Amino acid sequence: MLGNFAFCNPTKLYFGKDALDGLKEELPKYGKNVLLVYGGGSIKKNGIYDKVVKILSECGKIVYEDAGVMPNPTVEKLYEGVERAKKANADLILAVGGGSVCDYAKAVSVSVNCKEDPWDKYYIRFEDVDADCRIIPVGCVLTMVGTGSEMNGGSVITNHSQKLKIGHVFGDNVFPKFSVLNPEFTFTLPAYQMKAGFFDIMSHIFEQYFSGEDDNTSDYIAEGLMRSLIHSSEIAVKNPRDYEARSNIMWTATWALNTLIAMGKATDWEVHMIGQAIGAHTDATHGMTLSSVTLAYFRLIMPYGLKKFVRFAQNVWGVNPAGKTDETIAEEGLAALEAWMRRIGLVMNISELGVTEDMIDGIVKSTLIMEGGYKILTPDDVRAILKASL
Ligand code: NZQ
Ligand code: ZN
């Protein structure tokens, strides 16, 4: 049953091979000073940087650069970005990159005029942006698919000294004002990143699907997104330049985490909490931290949400229920999920990410416990999941 909710997603999307032309419509809406934020240099190798800078100059912008945003952006980089944005007196932050660059741009946008330490305020105390804090608008040109950061308020920052990787989900005043989604821009992604992105999408859908037992439109949408992703991912792994597959995946990723499929229902997010804790200790690629623990997590919670796992098996994987117990149907669903994960080549255990047994207690400590899923985990449950995933 759908409860009460307000739905607003203000991000304007430009999608397709000509999507970058959208910049020409958007840029005139903002002042002259643009802080161009990007990562470790992939956009210089694949030509996206040159295309963006050309449009910026055609639109008469003064461009200030903030390069070197690392995967899993750090709090130290955030402080640096705030100083750069202040010096530039930025009217717009243009993020060109993957989820890390987009997340970082949002973190800078709410921190430039923040009177307190942004890490403590937003990531430890989870406070909202103060009413009198001017938020610098953000626009994105997406080059890596997975996080949904192009159309949401999420912003994940890592604090290595505190061994914490924390996401703050900001309100729609922090969502990107616009995002450019050209599937061709993702063609140069290394296979490992591409696959990690595929599982990140799947995990976002799982986190919102595996909760509640009611009849809910959001769950039907989620099943459609999962089926599209499973289909297209298999094609893309074989042929990364298949535009049809890559474009469907890009669109699926956006809808998987732009708040739509969370409407009217509880959501879980525990796998993300464990994945982020692994990330805080290893700096591993986000999607792979999720793939390495998902099956152990599902096997632990399945008895508490059996009905949904049965539905997942039938509606997503086409498991035939005839003559089988609910447990068998649900297990066949998980077996089908595992087979897909292996086929597309995901990381299936945390040892591959550099986790050793002596790190497990620390990861348990860094794991936040959520309350929206089928079982509220105890620290011992988290430990058991990590041990089963070694
Ligand atoms: O830095 P460059 O040189 O650009 O290289 C990047 C980076 O090394 C490379 N890359 C990106 N586009 C490319 C490319 N290489 C070649 N060609 C291209 N077109 O890929 C590497 C990974 O990029 P990154 O942005 O780190 O990946 P992703 O998009 O997965 O973002 C991960 C971050 O997003 C957070 C994660 O925790 C992590 O910090 N998340 C954000 C969420 C949100 N905003 O809602 C939700 C997610 O659950 C996630 O937690
Ligand atoms: Zn994720």
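Read-outs throughout are calculated quantities, based only on the coordinates presented, and are distinct from any laboratory measurement. What you see is a predicted model, and the numbers here were worked out from it, not measured in a lab. So basically every Cβ, Gly included, is an ideal-geometry build from the backbone, and we count neighbours across all protein chains shown.
Values for this structure:
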quantity	calculated
Loop trypsin sites (Lys or Arg not before Pro), segment 53-120 (other Cβ atoms within 10 Å of the site Cβ: 12 or fewer; DSSP)	Lys115
Which of Ile344, Ile136, Ile369 has the fewest Cβ neighbours within 10 Å, and the rest in rising order	Ile369, Ile344, Ile136
Assigned charges on the beta-carbon of Lys, Arg, Asp, Glu; segment 1-65 dipole about Cα centre (debye)	120 debye
Stokes-Einstein diffusion coefficient of the chain, Kirkwood radius over Cα pairs, 37 °C, 0.692 mPa s, in µm²/s	154 µm²/s
Among His231, Met302, Thr217 - extreme Cα towards positive end, dipole of segment 191-388, charges at beta-carbon	His231
Neighbour-count ranking [beta-carbon atoms within 10 angstrom, fewest first] of Tyr374, Tyr297, Tyr304	Tyr304, Tyr374, Tyr297
Relative contact order %, segment 12-186, counting alpha carbon pairs below 8 Å whose residues are six or more apart	28 percent
Projected-area mean, segment 12-186, by convex hull of Cα positions, square nanometres	9.0 nm²
Mean separation of Cα contacts under 8 Å (6+ apart) over length of segment 306-347, as relative contact order %	40 percent
Computed [θ] at 222 nm, helices only, for the chain once each DSSP H run of length n ≥ 4 contributes -39500 (n - 2.57)	-14500 deg cm²/dmol
Rounded tilt (10° steps) of 191-209 against the dominant C-alpha axis of the chain	70 degrees
Table column - 3J(HN,Hα) (Hz), segment 34-50, Karplus curve with 6.51, -1.76, 1.60, x for Gly and Pro	10, 8, 8, 10, 8, x, x, x, 4, 6, 7, 6, 8, x, 5, 4, 4
Derived scalar couplings ³J(HN,Hα) [segment 142-158; Karplus, 6.51 cos²θ - 1.76 cosθ + 1.60; whole Hz; x for Gly, Pro]	8, 10, 9, 9, x, 6, x, 4, 5, 9, 9, x, x, 8, 9, 10, 10
Three-way shape label, segment 156-276, alpha-carbon gyration tensor, a/c 1.5	oblate
